[in-house]
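The structure appears right after this line, and notes come after that.
Read-outs: derived from the displayed coordinates by stated rules, not from any lab. The structure displayed is predicted, hence computed values, not measured ones. Positions of Cβ are generated from backbone atoms using ideal geometry, with glycine treated the same way; all protein chains shown enter the neighbour counts.
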Amino acid sequence: MTQSDRSDIVLGILGGLAICAVLFAIARFGFGWFVPFAPPPSQALPPSIAAPADIRRADFHGEHASTDVRRLADWIAESGDAEGRDFVLIDKKNAHVYVFDKDARLRDSSPALLGYAVGDDTVPDIGTRPLDKVLASEKTTPAGRFVGERGHNARNEDVVWVDYDAAVSMHRVLTTNPAERRLERLASPTIADNRVSFGCINLPVAFYENSIGPLFANQRAIIYVLPEVKALEDVFGGLREASFVTSPQPQVAALRSAAQAHGR
């Protein structure tokens, strides 16, 4: 046997050992060991934040709003829940009203006065009782999704009905009882004094006449009243299936950066 033959045999043995080592590694570890820059499992993006970049979101034009308001507005924009109509969000916790066009772009916003009592439900017969028969604990502004329309109240004033059966409407701020100081309550910087009505949403006169009245003049629009006791998802169930988040937390941004650094 020549020296060349011995070299060929040695090389063949070494090649065979290398192939065996590769086959063993595949059997033991799978193909993942071939990816040198894959991030560890802890850096994988959860499905809820790996949503497509073209998700529709509400445009607040820089206006401040709570996380719940933004979540709901984004969901309305993405899901089309407003059925192609303009819509209004009423944030009871912060006594604020937001008006959006059908493309979920903010048109206007304003502070508001709301029902005296904290709560998200109404007493079934509340709309048929005289006002002096309504208990303080029953003066709630109900939460939910309503199809609002323009109409007139018992004083023949034009209002926007939120829940006609419960006699809950949006209207110009009432000043018939000076002791209630409703104008002062609307103008004050705190929300602690914005609970005073029987359940109706009282609005500044200019805001009602410029933004609410014209919105409902020739159409119905959707009114969303956010809860203050119940969870947002318990009132608007579609939020449970929402496949995106409105405001990523700092750790989410870190995960995104890590994934991008590894080419994902």
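One table, with the values for the structure above:
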| quantity | calculated |
| --- | --- |
| For region 70-90 and region 101-144, distance of Cα centres in Å | 19 Å |
| Per-pair calculated FRET efficiency, R0 = 51 Å: ASP125 and ALA187 via Cβ, rounded to 0.05 | 0.90 |
| Virtual spin-label span in nm between SER66 and ASN153, 7 Å along Cα→Cβ | 2.4 nm |
| Added length on full extension, which subtracts the Cα-Cα distance from 0.36 nm per residue, THR176 to VAL229 | 16.1 nm |
